[in-house]
């Protein structure tokens, strides 16, 4: 019986002209979004590779150079474009693409895509994630809102029960048919991703494959939740028209309006300081430390006295090492502590905003899926921050190496013309970003993950109850 | 016709009295608009405060510097190396902020205002790309969710409100048998249709334009940008009419209200969601944003390359830009040995070269930005929502072009500073308070940017309106009670399929 019901549902879907129309449009959009996304990602990856190579070549081309000059020459950390960014662009357009790495300053990530585009950037990009999150559910609503209500109106439900179908079987086969339809789109996305990867020659490495599989799992869960919702509403609604109205309002509210309201409320509840106030506070704290470039600075004098005692000399000129390197490193370490404190406080506020958003995701599974999708695609804020933290760790190590060379590499105090060897400069490794593992990425979105699982289970329970008491006649 | 409108209005009034959904939707619409206005005021206040604080800080610095000139000291007591009579120190202490102040209408739209900088500290080293370092702190996660501003409410939610109010246009008459009554009484279906459209237009137009005018009123836009306010009101009215005509077109062709609602919902999804998102995706693919390599090169390798050259290498370019320097007293040392030249003066030659370097890098960035915007502008032909978003953000001065205009305005100011300094150095000028004030005066006060709605945006809306009217008229010419040619896509189509369960 189940098989016959499923065949019936499949046949009905196959004959549904609206599905042919909307499904066709959705497939075309998926293909276009995939191709456009792939093109953007490849262009960005090519430019990044060129920029990284050029930056390294410029670093090496310095030749023998004073370490502190090299520290000011600095470097750049270029945010890598994940292979899965073509699936879900996430917050990437609003996160900068590069960080200037230099002495005396922890710089912010700069040059966001959004800052170089028109106001249209506010309306999002048509990536496969958007299609799966918003458009495929809409197709399921359009196709499935009458799946029970419509058949009840035509009296066909009664006929099916008379022929031996149980109410639950009717409910679950209709849900399964809708879910199966949604999964077809999902399979298409997966195939497209793999095909694009194979076509471009890059392939998909194992960690990326894991992430693709996890993403597909999340969207499979999401489409199941949507299918259940559509069938439940169709079963409970007075008629097909009421089911359609309810589902459309739910879709618009959950997918279009609620995220914007949630974002606004999250930002208002934990407001960030203005950049001016943030920088002024940081500058004030920074100025309380020593100034490695100012020999008259009282704190530098104190450090100098300490070093003179350590080496048993009375004058900086008599030191066997270069005191400038030591004082500049102390200056850096003080600055690092200041930056850690201020950037840490800022990140706490950002975390609070994110927690609020995740709490809303408990009520709105669409937002939960969005958070999970971005995290798995490596395009959420956590990944952006992970990159920023690694870049800053590299910067500190770079500057520390250069100051150490300045201090102990063979020069004497005030010898600013002394140059470190080319071998030393070449021996400093380039910045290589190591993205977080899948486990780390998932751990940061545990609340949305639990919310999605809970919603799916809840809807399954409601679905079971609704199916068991399925009304066969119009009220 | 007047009596027909009165009859439709009366019927509509009775339907409203019975429909809590309509009242709730209208209240939600007005509530969302009011919230967006309050949120917009908060954003603009934050922006304005930042601009004012930066100006005040610069003013304090200038006052302190003038006091030093007046008291005859060389510079701050804790910086004995400073000599304010020397050009580069006078310039260093003459820094001031250049800022873009929000237009009053910025209350109505966020645009790109939170992802671009509004304030920059201007001295001779300033580059336009430094503006990007002063973008206000924001959370990318909330930014990526989209802005809940008044323009979002009026351009994206308004069509949904219209969908709720007008989805059963004519299909209601068909389903309730009113059409048959009209047909039997030989009343003009066309007039009834027009009357219903007029009533629908009024119901949506009043709150939409009302919210816009309230937003403009609370922001004080009537006293500063009155023309823009009325231009926006006119544009929104046209947008409402275009959607009314679209509702009419669907109503004229589709026979059942459920199918009509579905068609309108799909139309809304297409023009407010798919077209803009597709446009964004395509724009990013055609003109990728990349890694601003022009800038990274300019601030590092190319700048380092400048320092590898003697300052004299830049003299021809400087003299070409400022020919008057050739006859200045210091020009007689142009061919002199290095020992006779003043490195403090020659340093400005390299600084001008650095300025030109950063300018060239930013021009490359700007030209790509313009290319992206031109592509985005083309997308408005596919969506009146895109046209409205672009037009209203332009009026509010929160579009990319307005922010770019601010960045571009920085370039001539820095150039003028360098020109004045070069002139002073080449003429061996000592800086007093008057010269200091002249340097300060080169930086213009905080300005407002923005523009008017482009003719293309008006044409786009008129085209949509005309097309929708044409479709509606064609639909009305069919026999009114005949089935829709799109019946196979209707909700009832599935019910007519024959299936057997064995």
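The values are calculated or read from the model by the stated rules, or taken from the named source; none is laboratory data. Not measured: the values here are computed from a predicted model. For neighbour counting, all protein chains shown are included, and Cβ atoms are generated from backbone atoms with ideal geometry for every residue, glycine included.
The condition (being away from chain A (no Cβ under 14 Å) and more than 30 Å from residue B:175 (Cα to Cα)) is satisfied by just one residue among B:332, B:281: B:332.
Tell me, please, whether a residue that is surrounded by fewer than 18 Cβ atoms within 10 Å (Cβ to Cβ), part of a helix (DSSP H, G or I), within 22 Å of the chain's Cα centre (by Cα) and touching a residue at least 40 places away in the same chain (Cβ under 8 Å) can be found in region A:170-193. Among the residues of region A:170-193, not one is surrounded by fewer than 18 Cβ atoms within 10 Å (Cβ to Cβ), part of a helix (DSSP H, G or I), within 22 Å of the chain's Cα centre (by Cα) and touching a residue at least 40 places away in the same chain (Cβ under 8 Å), which makes the answer no.
Screening region B:284-305 for residues that are in a helix (DSSP H, G or I), within 23 Å of the chain's Cα centre (by Cα) and facing another protein chain (nearest Cβ under 7 Å) and picking the one that is surrounded by the fewest Cβ atoms within 10 Å (Cβ to Cβ) gives B:285.
Looking at B:112, B:119, B:131, just one residue is within 9 Å of another protein chain (Cβ to nearest Cβ), in contact (Cβ under 8 Å) with a residue 40 or more places away in the chain and touching a strand residue (DSSP E or B) at 6+ places or on another chain (Cβ under 6 Å), and that residue is B:119.
Within region B:188-211, the presence of a residue that is in contact (Cβ under 8 Å) with a residue 40 or more places away in the chain, within 14 Å of another protein chain (Cβ to nearest Cβ), more than 30 Å from residue A:112 (Cα to Cα) and surrounded by fewer than 23 Cβ atoms within 10 Å (Cβ to Cβ) is excluded. Summed over region A:120-133, the residues that are touching a residue at least 24 places away in the same chain (Cβ under 8 Å) and at the interface with chain B (Cβ under 7 Å from one of its Cβ atoms) give a count of 5. The condition (being touching a residue at least 24 places away in the same chain (Cβ under 8 Å) and more than 12 Å from chain A (Cβ to nearest Cβ)) is satisfied by just one residue among B:349, B:340, B:390, B:375: B:349. Assess whether residue B:220 counts as being more than 14 Å from chain A (Cβ to nearest Cβ) and free of Cβ contacts under 8 Å to residues at least 40 places away in the same chain. So residue B:220 fails the test.
Just for region A:457-470: of the residues that are touching a residue at least 24 places away in the same chain (Cβ under 8 Å) and surrounded by fewer than 17 Cβ atoms within 10 Å (Cβ to Cβ), which one is nearest to residue A:383 (Cα to Cα)? Ranking the qualifying residues of region A:457-470, first place goes to A:460.
Every residue, every condition in (1) in a strand (DSSP E or B); (2) out of contact with any helix residue (DSSP H, G or I) (no Cβ under 9 Å at 6 or more places or on another chain); (3) modelled with pLDDT under 90, yes or no:
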| site | (1), (2), (3) |
| --- | --- |
| A:26 | no, no, yes |
| A:30 | no, no, yes |
| A:35 | no, no, yes |
| A:39 | no, no, yes |
| A:70 | no, no, no |
| A:76 | yes, no, no |
| A:81 | no, no, yes |
| A:93 | no, no, yes |
| A:122 | no, no, yes |
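Among residues of region A:255-275 that are more than 8 Å from chain B (Cβ to nearest Cβ) and under 16 Å from residue A:362 (Cα atoms), those with a Cβ under 6 angstrom from a residue that is modelled with pLDDT of 90 or more and buried (at least 17 other Cβ atoms within 10 Å of the Cβ), sequence gap 6+ or separate chain, pair up as A:255/A:134; A:255/A:366; A:258/A:364. Taken over region A:15-26, the criterion of being more than 10 Å from chain B (Cβ to nearest Cβ) and surrounded by fewer than 16 Cβ atoms within 10 Å (Cβ to Cβ) is satisfied by A:24 alone.
Among the residues of region B:114-129, is there at least one that is part of a helix (DSSP H, G or I) and either modelled with pLDDT under 85 or in contact with a helix residue (DSSP H, G or I) (Cβ under 6 Å, 6 or more places away or on another chain) (or both)? Yes, that holds for at least one residue. Exactly one residue among B:241, B:236 is more than 14 Å from chain A (Cβ to nearest Cβ) and surrounded by fewer than 22 Cβ atoms within 10 Å (Cβ to Cβ), and that residue is B:241. Taking each residue of region B:42-65 that is without any contact (Cβ under 8 Å) to a residue 12 or more places away in the chain and on the phi < 0 side of the Ramachandran plot and looking for partners that are part of a helix (DSSP H, G or I) and loosely packed, with under 15 Cβ neighbours inside 10 Å with beta-carbon atoms closer than 8 Å, six or more apart or interchain, yields B:42/A:268. Would you be able to say whether some residue in region A:136-152 is crowded, with 22+ Cβ neighbours inside 10 Å, at the interface with chain B (Cβ under 7 Å from one of its Cβ atoms) and under 17 Å from the mean Cα position of the chain (by Cα)? No, region A:136-152 contains no residue that is crowded, with 22+ Cβ neighbours inside 10 Å, at the interface with chain B (Cβ under 7 Å from one of its Cβ atoms) and under 17 Å from the mean Cα position of the chain (by Cα).
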